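Worksheet for the structure shown next.
The values are calculated or read from the model by the stated rules, or taken from the named source; none is laboratory data. All of these numbers come straight from a predicted model, not from anything done at the bench. Glycine gets a Cβ as well: all are built from the backbone with ideal geometry, and neighbour counts include every protein chain shown. Heads up: the accessible areas ignore ligands, DNA and RNA and are worked out on the full protein's heavy atoms, side chains in. Shrake-Rupley method; radii C 1.70, N 1.55, O 1.52, S 1.80 Å.
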Amino acid sequence: MQRRVHGELEFCPAFPMSHSQVRLSEASLNFALLHIEKYGDTDVFPPAFEIGAIKHFWNDFRPLLEEDMQEYPTQTKRISTGSFMSTLFPKHSTGFRNITQLDPVETLRFTALVHQFGGRLEGHRLPKQDNIVFSYRFQPDSATGQLFDPQYNYRAFQDHCLGLASDPTWNFVVTADIADFYSRLYSHRLENCLDVIQRLEIEDPDERRSFKSFSKMMSRLQLKWACQQSYGLPIGCEATRLLADTMLTDVDFAMRDACLTIAQDFQETAPVYCRFSDDFRFFCFSKRSAIRLLQQLAMVLHNNHNLSLQSHKTSFWSRVEFQQHLAAVSAVGASVHRILKPSGLGSYHSIDVTQLSPSVVQELRSLDLAQALRTEIQRASTTPILDTGFVDFLLKWLAHIEDWTIIVDVFNPAALDVLYPCIRGLVALCKQVPKDYRSSIGSALLEHLSSGVGVLPITRASFLWAISSAPDDFGFKRPVLRSIYEKNCHEVVQSMIFFVAAHSKDVSTASWISNLRDSFSTMGGFSRRSFLFAARQWSGDHAHSWSQSVRYDMTILEMKLLKWLNYKAGASL
């Protein structure tokens, strides 16, 4: 997927369009920029540094993004490459999933599109007040950049289930999970879902034509991201989640109705159904109703979406067993949950520890969270269980309060072997650790990267990101960077090597990067932009003369990025 070219809370309704045009509204584009700036373009990849340049030149970029989008995404290469990166990411401690980082300009456009039309998608779903679907309830906040209602999240889902498990009405619980949910969603099912909304739920002719164009764009984007295959949605981008969840609306209606039918057929209390993304739960009076609901769920998923359930995550529980299962957390973990719950915060991954209220900070400081982290590491070393969200939070919190007693517990081979899925927390720790610790941490990371455990491209890229603010202090100079570069062809690793080199004060590192300049024209979009960042370290007029020689092969984003970097370096625009 590369190219060569020259040169208050409210829903945002769809912007009125002509028959042949789709024009993004200024409000949706402004929201998209704020959302990505605050929450990142993905929740798994290193953040897109290019957003800084886009924001700086926003008055230039926004008109380009507002223009006619009838041919989007095929006619966007003059602005940016439109490329994307995909790689495996650790899910829990023993599983993996494919994740994707979109071109930053495409992420902006896609997020703005979902913001502009998301009200219609949300209106198609079961009302959130029914407490059936807890995942990704569209409620954009133009003040904070938040895309979803923070009151409906996985923690609220767990609390709801815990409340149901405490009700003696229910004797049995069914839990089920879709296998490879995002990667197996078919494009024609997305088209059908959006077509129902357009034909049956929109009366205004202009808005209907507008939504139809949106539907076609989503189909083209899906084919592009799936490399022309008819199935799969990218994991990582926040806006994708609303599309995926909306596609399961037919399943939600079917299972809600199945619960009511069971009450009539079996003459018993109607089971309760709830869901978070691809995680389904049913609370039933009898075992036969539990079996019937599981069978019906499997049939609906297969017949409507050609999806199946993961056998190892599908279980029947007694109510008491399930209650004990949900409550099986450490006393410290339960205390953290109790402290954070009144704040209405989302998942552990989304918590910004620097923004916690003084009262929450005081309560958290009263807990021995360093020992809680050691306990989690020890448990993960002997069992396949690792609560990555909780451990990520612990790492970020301990870095925030500057508790460096845990450095030796975290940065050793045994610990890194189990902690590598907690990339965000490790990054936070590395970025804030004092200089005296950096050399030993760098040695531990290098040992991990050279071992079989550190083979995932996203792991290598994330560790490079972690030490990028001071690579020389961590020991990541030319020999190390060159060795990693020559052994890794994946763009997510190469682009981060260039990003690290841009922050190095080692002259030999800059010289080595300069020697790679003839490869610029064959690099992918992410690597090209990181290479431009690294080129600012070159001596004298070398960087300027080289950039002038390739500027006619640059996209608009690359040229603006170059100007922004010069501006940051103190040069005139």
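Points worth noting:
- Solvent-accessible area per residue for the stretch 428-573 (1.4 angstrom probe, square angstrom): 42 Å²
- Mean Cβ count within 10 Å, highest first, over the residues of peptides 492-502, 153-163: 492-502, 153-163
- Whole-Å distance, taken between Cα centres, linking the stretch 526-569 and the stretch 89-143: 34 Å
- Helix-only [θ]222 nm of the chain, DSSP H runs n ≥ 4, -39500 (n - 2.57) each, per residue, nearest 500: -16500 deg cm²/dmol
- Most tightly packed first, judged by the mean number of other beta-carbon atoms within 10 Å of their residues, the peptides 103-114, 52-63, 308-319 read 103-114, 52-63, 308-319.
- With every protein chain in place, the chain: carbon and sulfur % of accessible area (1.4 Å): 52 percent
- Working from label points 7 Å from Cα in the Cα-to-Cβ sense, the Asn515 to Glu201 distance is 5.8 nm.
- What the phi angles of the stretch 196-212 give under the Karplus curve with 6.51, -1.76 and 1.60, with θ = phi - 60°, is a coupling list of 4, 4, 5, 7, 9, 10, 10, 9, 5, x, 5, 5, 5, 5, 4, 5, 5 Hz, glycine and proline written as x.
- Between the amide H of Asn412 and any residue lying 5 or more places away or on another chain, no distance stays under 5 Å, with hydrogens modeled in the peptide plane.
- For the chain, the dipole from Cβ point charges (+1 on Lys and Arg, -1 on Asp and Glu) about the Cα centre works out to 1160 debye, to the nearest 20.
- Straightening the chain between Lys487 and His542 buys 17.0 nm, computed as 0.36 nm per residue apart minus the Cα-Cα spacing.
- Structure-derived Kirkwood radius over Cα pairs in Å: which label, when the choices are (i) 26.4; (ii) 29.9; (iii) 25.5: (iii)
- Modelled label positions at Gln129 and Val455, each set 7 Å beyond Cα in the direction of Cβ, lie 5.4 nm from each other.
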